[in-house]
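Asker: A single structure is presented below for examination.
The values are calculated or read from the model by the stated rules, or taken from the named source; none is laboratory data. For clarity, every value in this text was computed on a predicted model and none was experimentally measured. When we count neighbours, we look across all protein chains shown, and the Cβ atoms used for this are built from the backbone with ideal geometry, even at glycine.
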Amino acid sequence: MSTTTKGTSANDQAHWRKTTKLMWTHLAIWFFFGYVIHFFAPALNKIVILGFPLGFYMAAQGSLIAFVVQLFLFAKQQDKIDREFGVAED
Amino acid sequence: MATQTSNDGSFLQNLGKIYGLYTGGFLAFVVLLAILEQMGVPNRVLGYLFVFFTIAVYAIIGVLSRTAQVSEYYVAGRKVPALYNGMATGADWMSAASFVGMAGTLFLLGYDGLAWVLGWTGGYVLVSVLVGPYLRKFGAYTVPDFMSFRFGGNFARFLAVIVLVCCSFTYVTAQIFGTGIIASRFLGMQFEVAVFVGLAGILLCSMLGGMRAVTWTQIAQYIVLIVAYLTPIIILSTKKYGIPIPELTYGQAIADITAREQQLLKDGLATAANLKPHIQPWLNYTQLNFFAIILCMMVGTASLPHILMRYFTTPSVREARQSVAWSLFFIFLLYFSAPAYAAFSKLEVYTNIIGRSVTDIRPWMFTWGELGLIQVCGKNAATLDAIVAACKAIAGHPGVVRLQDFAINTDVIVLSTPEIAGLPYVVSGLVAAGGLAAALSTADGLLLAIANALSHDIYYKMIDPNAPTVKRLTVARILLVVVAVAAAATAATRPADILAMVGWAFSLAMAGNFPALVMGIWWKRATTAGAIAGIIGGFGIAILYLVVTRYFPGFGVAYLGMSSLTTPTGAPLVDLAKAMAAPNAMDTFVGAAHPLASKVGWFGITNIAAGLIGMPVGFALIYIVSLMGKEPSKEMQAFIDEIRKPRGRTVLQEKD
């Protein structure tokens, strides 16, 4: 998506560029754990750990754990970006 | 409350202590009831004590949190800490469909049911990354507030209210329905009466204090529901495998189920046609619909107004983001345990029901059979005689329960697990209290979202902008009661399957809200005309798809080029030529049993995933129509810059 840049300060633009990059990174992780890995469920099911077929395990627990970890990480990373450009709350 | 502000200060500082004490008190109450049970107090009395005690506590919190301030009523004064808001969101999120229905769905569908587990968790990534924190910075009371500000006023607001009411009302009806099932089972009330009793409980929590009351009760409800959900399976896991971590031990149960499935086939108790191996993907949904459901539930999560508005209550944008992470953590605790429930009860059913003599049916089933929720040999399993007679009537029946003889409603799995496992009744009562907490808390949040949209967006913003505070809040409360009664009346007619209704709500929210919200924040060039075209086009086509496939399928086939959905193996679900030649083919408002209802569509997409058809249309229309017009004004672009930065005042400043 192209963004109009008129009237936006250079600092804000740089902040938003970095924010956008972080957004795409996390959407890619989300897409991998939400969809890509489950395409391979039948193959992953051949690997069994503690009784869990791996394909089943990823959909039942693995991806969920990834989402939770990802969200705490995202909150931290975005806050760091906001601080870097001086736009974080005090 | 004159001293509200100073009270609030000490209240917020002591949240940990207050809710810690509350949790301790609740556990002590459960232990007390367990002792009473040992002393011979009858089950029905225990059930009443559980239900009434917990509802009374919610009502007390609701009354204590009553408020006469507008910002307290709509967004709890924006001072709910991230962790507690996460807990409240968890309760708001996990509905009767999650608590009661999820494990049952996994029981029936095996791997394919995990589409719901994935869809109802992954969406929070979209909430945090794309939408939630920006709406918090904007400073709205409702989602339509944002639409109106960003997209040129009251017409966009009105469209957003329509989307909100359509999806929330569908959803709340399913919740009240769930409340009715639980209350009728545990209090022995008539279903219709139980629906209205549950409603009274919901209103007590939300009417006086709005968002403020709902927030503090939802935290209390989360604690009850998570304790109730985890207790039975932790006991079961310890009993069976010696380790109190069911999420770890159910791997063994899954291995046992797979072995037992082979055994059932060998013994002739099941056939290759009716036995669907628990771990094998895409036996119930086609691969396309499996992923379509995941996508619709995820995007729907990031579009549902009653969830988005929870993040309006945090003190800062930073805490809004942290709060989304906490929300998902608290939701995760239940969702990653649900497959354990499904595995344990499936193993119980496969070993202790299937393969047993018909005359040896375990008596716990009769209470569910009476409600029509368990059937053996095609008849409600209400009494032993009824079952024996029903099985005798089947030619060549071996006198042993076979897989095809046993039918269980998915809503029963969680509620009956304690009884199946032979745990004391107090555990069943606990589970019922948890299910009730789940249904009540979600219904509260939804009713509040609808009533707020009607009172704030329609009445205050569009009809009478000069209305004084007292009048605004009175209107909000009256509307809350009206909407609640309407939803209960709809629920009392038992419309359908809870899961399908909830799925529709997500699809509608996704098609109507998501494109406009995301483009409004992430693309400055998005214009009013584009957004309005996108909402009308996307939402319109989704609701058309849903209504036509469900209620006018013959019309869809004859005039809209719809074809039959397919089974996972690629065979059509219905023989279209035959069904269209039948005299009832062109019937309108058809029932769920109609041969074509919900079985036709475009591209083989089930109507639960109608949002998948609406959303791309919405995005495309916003993009194309926006580029055809002039770019938004300089002021608007400056406002969007403001939304993107956490620092500074909220863009929208509401007067109190």
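Asker: Between B:Ala407, B:Ala395, B:Ala389, which is in a helix (DSSP H, G or I), of a type outside the set (D, E, K, R) and not assigned by TED's automatic domain parsing to the domain that holds B:Met189?
Answerer: B:Ala389
Asker: I'd like to know if segment B:333-340 contains one or more residues that are farther than 17 Å from A:Phe67 by Cα, surrounded by fewer than 24 Cβ atoms within 10 Å (Cβ to Cβ) and within 12 Å of chain A (Cβ to nearest Cβ).
Answerer: no
Asker: Only one of these is under 18 Å from B:Arg321 (Cα atoms) and either under 20 Å from the mean Cα position of the chain (by Cα) or away from every other protein chain (no Cβ under 12 Å) (or both): B:Thr54, B:Thr105, B:Thr89. Name it.
Answerer: After ruling out the rest, the residue left standing is B:Thr89.
Asker: A further question on this structure: Taking segment B:137-153, which residues are buried (at least 22 other Cβ atoms within 10 Å of the Cβ) and in a loop (DSSP other than H, G, I, E, B)?
Answerer: Those that are buried (at least 22 other Cβ atoms within 10 Å of the Cβ) and in a loop (DSSP other than H, G, I, E, B): B:Ala140, B:Tyr141, B:Thr142, B:Phe151.
Asker: Run B:Phe291 past the list (1) surrounded by fewer than 24 Cβ atoms within 10 Å (Cβ to Cβ); (2) farther than 28 Å from B:Glu247 by Cβ and report the number of the one that doesn't hold.
Answerer: Every condition holds for B:Phe291 apart from (2).
Asker: For segment B:607-649, name all the residues that are β-branched (Val, Ile, Thr) and under 30 Å from B:Thr314 (Cα atoms).
Answerer: Within segment B:607-649, B:Ile640, B:Ile643 meet the criteria.
Asker: Mind counting the residues in segment A:14-42 that are within 10 Å of chain B (Cβ to nearest Cβ) and closer than 21 Å to B:Arg644 by Cα?
Answerer: Looking only at that region, the number is 10.
Asker: Name the single residue, out of those in segment B:635-654 being out of contact with any helix residue (DSSP H, G or I) (no Cβ under 8 Å at 6 or more places or on another chain) and either assigned to a loop (DSSP other than H, G, I, E, B) or not hydrophobic (A, V, I, L, M, F, W, C) (or both), that is nearest to the other protein chains (Cβ to nearest Cβ).
Answerer: Among those residues, the one meeting the criterion is B:Gln637.
Asker: Among (1) under 24 Å from the mean Cα position of the chain (by Cα); (2) of a type outside the set (A, V, I, L, M); (3) modelled with pLDDT of 90 or more, where does B:Tyr250 come up short?
Answerer: The number of the failed condition is (1).
Asker: If you don't mind, another one. I'm checking my understanding of the structure. Among residues of segment B:576-602 that are over 27 Å from the mean Cα position of the chain (by Cα) and closer than 28 Å to B:Gln287 by Cα, which one is surrounded by the most Cβ atoms within 10 Å (Cβ to Cβ)?
Answerer: This residue is B:Ala579.
Asker: What single numbered condition from (1) assigned to a helix (DSSP H, G or I); (2) out of contact with any strand residue (DSSP E or B) (no Cβ under 9 Å at 6 or more places or on another chain); (3) without any contact (Cβ under 8 Å) to a residue 12 or more places away in the chain fails to hold for A:Gln61?
Answerer: A:Gln61 satisfies every listed condition except (2).
Asker: Does at least one position in segment B:627-634 carry a residue that is modelled with pLDDT of 90 or more, assigned to a helix (DSSP H, G or I), within 21 Å of B:Pro515 (Cα to Cα) and away from chain A (no Cβ under 14 Å)?
Answerer: yes
Asker: Output the residue which, of all residues in segment B:636-655 that are farther than 15 Å from B:Trp523 by Cα and among the polar types (S, T, N, Q), is modelled with the lowest pLDDT.
Answerer: Out of the qualifying residues, it is B:Gln653.
Asker: Moving to a separate point now. Would you check if A:Phe67 is of a type outside the set (Lys, Arg), touching a His at 6+ places or on another chain (Cβ under 6 Å) and either in a helix (DSSP H, G or I) or at the interface with chain B (Cβ under 7 Å from one of its Cβ atoms) (or both)?
Answerer: No, not satisfied.
Asker: So, one more: In segment B:1-105, which helices (runs of 4 or more DSSP H) lie fully inside it and hold 3 or more residues that are polar (S, T, N, Q) and modelled with pLDDT under 90?
Answerer: The qualifying helices (runs of 4 or more DSSP H) are B:4-13.
Asker: Which numbered condition trips up B:Pro133, out of (1) within 14 Å of another protein chain (Cβ to nearest Cβ); (2) more than 21 Å from B:Leu473 (Cβ to Cβ); (3) surrounded by fewer than 22 Cβ atoms within 10 Å (Cβ to Cβ)?
Answerer: (3)
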